[in-house]
Amino acid sequence: MSYFENFIKANQAYIDRHGTAHLPIKPKTKVAIITCMDARLHVAPALGLDLGDAHILRNAGGRVTEDMIRSLVISQQQLGTQEVVVLHHTDCGAQTFKNADFVADLEERFQVNLQDKNFLPFTDVEESVRQDVALLKDSPLIPDDITIFGAIYDVDTGRISPVQ
Ligand SMILES: [Zn+2]
């Protein structure tokens with residue numbers, strides 16, 4: 001039994017609320033948000049965003065990976081975004097394991113060789129935000145005139161605090 005049928009039912013009600021819109025493909029705020037897949041973080045309501053307002057790029061931890069950069073380059077060069085927010089959060093799943101242990105477990109379980117695969121866990125959430133902001137600033141594919149902010153979302157209170 002999967003949950004998918006419930007999604008299709010729920011979508012019927014959403015269609016009624018949505019109506020027909022013809023929003024521009026370029027995000028209105030010109031902002032791209034890099035954040036975690038965490039289920040307790042509803043990015044749009046937390047930031048006051050509506051349909052068409054911003055790009056929200058998500059992966060485990062909200063880490064700046066090669067594929068995040070790929071999305072960001074398209075966001076900026078094709079779709080006009082000019083500001084980036086790196087938004088990590090408290091109690092992240094990326095804080096629940098050490099890379100070496102996780103890699104060893106996976107190699108054992110799936111009988112594969114993961115060599116130096118880095119699943120990008122972290123311990124200090126402020127540090128992870130600073131690291132990822134620095135990666136963006138160092139990237140030759142992210143122009144210097146792009147504004148980059150870092151912040152942390154508290155999953156218990158919903159509060160977002162800037163990271164300096
Ligand atoms: Zn997370």
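Debye-formula intensities of segment 24-163, expressed as log10 I(q)/I(0) at q = 0.08, 0.12, 0.15, 0.20 Å⁻¹, are -0.23, -0.51, -0.76, -1.19 (one equal scatterer per alpha-carbon, no solvent). The stretch between residue 13 and residue 112 holds 31.2 nm of extra length on full extension. This uses 0.36 nm per residue minus the Cα-Cα distance.
Per residue, the chain exposes 67 Å² of solvent-accessible protein surface, assessed with a 1.4 angstrom probe and all protein chains in place. The accessible area of residue 9, taken with all protein chains in place and a 1.4 Å probe, comes to roughly 150 Å².
Accessible surface of the chain, 1.4 Å probe: 53 percent of it comes from carbon and sulfur atoms. Only Lys, Arg, Asp and Glu carry charge here, each on its Cβ (+1 for the first two, -1 for the last two); on that basis the chain has a dipole of about 560 debye about its Cα centre. Please give the length that would be gained between residue 134 and residue 23 if that part of the chain were fully extended, namely 0.36 nm times their separation in residues minus their C-alpha to C-alpha distance (nm, one decimal). That works out to 36.7 nm of additional length.
The Cα atoms of segment 20-81 define a convex hull whose projected area, averaged across directions, is 4.6 nm².
The values are calculated or read from the model by the stated rules, or taken from the named source; none is laboratory data. Everything numeric in this text was worked out from a predicted model, so none of it was measured. Heads up, the Cβs are rebuilt from the backbone with ideal geometry, glycines too, and the neighbour counts pull from every protein chain shown. Side chains included, ligands, DNA and RNA excluded: accessible areas come from the protein's heavy atoms. Shrake-Rupley method; radii C 1.70, N 1.55, O 1.52, S 1.80 Å.
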